[in-house]
Amino acid sequence: MKIAFVGKGGSGKTTLSSLFIRHLAANEAPVVAVDADINQHLGAALGLDEAEAAALPAMGAHLPLIKDYLRGSNPRIASAETMIKTTPPGRGSRLLRVVEDNPVYDACARTVRLDDGDIRLMATGPFTESDLGVSCYHSKVGAVELCLNHLVDGQDEYVVVDMTAGSDSFASGMFTRFDMTFLVAEPTRKGVSVYRQYKEYARDFGVALKVVGNKVQGLDDIEFLREETGDDLLVTVGHSEWVRCMEKGRPSRFELLEADNRMALQALQNAAEDSYANRDWEHYTRQMVHFHMKNAESWGNAKTGADLAAQVDPAFVLGEQTLVPQLG
């Protein structure tokens, strides 16, 4: 299952995504976690110290390797250099799976040991001073989008992506790559403003969206969120002394997280599992092609000097049972 956490800056998006990852690990689910936020804090939220978090490899720095591996022997892709972030897989492409070893994970993922199990953590890499005035952050997350386009995941496997804050997530087609999107909202007018934007996009592209109310202090906050988000409000989360200690660098074992918050995390997992019944790989593949064609026409063809529409394999549909033969 592919899960995204979105929300405005300061909403608690990264904290909740890290708690959800811990919860999944405690339930023995295989997890690949991806920090795709412009502010790279997921590693720290999962317990890495500053040195360990800084040592995480940047996916963007390994983009040539990622492209070369995923290209495989796909005859529709002339070279790895002609691949862009939306390039879809086809016959001959290599696919990624959650539970496997491959050169992409070797280069870009690191194992993080949690209280109740290990997860793989990947990160886009920070937006550095050298990037200012030269590139936008969406060029950083291109590696994530390319990997998601080539990822085949099963019902009991999880890829959890901590997305960049606010409406910046709409700058590419990556927001359509998920089985479930959890939007973290505080009980304030600003807190629900991103929800309204996301809801509109979600409706247009069939994105499954649920709201997680955070920093809730009482019934009035819950009523406010219910009035603003309606049935999209899945669950609310209040103060957590466990989280407060974790943010001070003194976490206790995850099993000691407050019972109400454990129940909230289980509600998230239940919603994610329920979304599995709505999986439509043909629709997923069509959306992938749609955004690829848009990117090809707007900038990809000019940048690569190639007709990127030719990369689309019309007979190919990504899916859990997809077996892609290596051609040649």
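The values are calculated or read from the model by the stated rules, or taken from the named source; none is laboratory data. Everything numeric here is computed off the predicted structure, so don't read it as measured data. Cβ placement follows ideal geometry from the backbone for every residue including glycine, while neighbour counts extend to all protein chains displayed. Remember, those area values only see protein heavy atoms, side chains included, never the ligands or the DNA or RNA. Shrake-Rupley method; radii C 1.70, N 1.55, O 1.52, S 1.80 Å.
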query: Filtering the range 155-187 down to residues that are modelled with pLDDT under 90 and under 17 Å from residue 214 (Cβ atoms), which residue is most open to solvent (accessible area, probe 1.4 Å)?
result: 165
statement: When residue 105 is run through (1) modelled with pLDDT under 95; (2) out of contact with any helix residue (DSSP H, G or I) (no Cβ under 9 Å at 6 or more places or on another chain), the failure sits at (1)
- line: Among helices (runs of 4 or more DSSP H) entirely within the range 245-328, at least 2 residues that are among the hydrophobic types (A, V, I, L, M, F, W, C) occur in 259-275, 281-295
- request: Could you tell me whether any residue of the range 292-301 is over 21 Å from residue 71 (Cβ atoms), exposed (fewer than 15 other Cβ atoms within 10 Å of the Cβ) and small (Gly, Ala, Ser)?
  value: yes
query: Among the helices (runs of 4 or more DSSP H) contained in the range 27-104, which hold 2 or more residues that are in contact (Cβ under 8 Å) with a residue 24 or more places away in the chain?
result: 42-45, 63-71
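So which of 36, 51, 107, 58 is of a type in the set (Gly, Ala, Ser) and closer than 19 Å to residue 249 by Cα?
51
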query: When both residues are 6+ apart or on different chains and their Cβ atoms are under 7 Å apart, which pairs have a first residue that lies in the range 260-282 and is closer than 17 Å to residue 158 by Cα, and a second that is outside any helix (DSSP H, G or I) and among the acidic types (Asp, Glu)?
result: 272/179; 275/179; 276/179; 279/179
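Return yes or no: is residue 252 open to solvent by less than 20 Å² (accessible area, probe 1.4 Å) and at pLDDT below 95?
no
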task: Only one of these is open to solvent by 90 Å² or more (accessible area, probe 1.4 Å) and under 19 Å from the mean Cα position of the chain (by Cα): 231, 220, 274. Name it.
output: 274
- request: Specify which of the listed residues (190, 215, 199) is surrounded by fewer than 23 Cβ atoms within 10 Å (Cβ to Cβ) and closer than 14 Å to residue 13 by Cα.
  value: 215
message: For the range 27-60, which positions are open to solvent by less than 30 Å² (accessible area, probe 1.4 Å) and either among the acidic types (Asp, Glu) or farther than 18 Å from residue 141 by Cα (or both)?
response: 29, 31, 35, 37, 45, 46
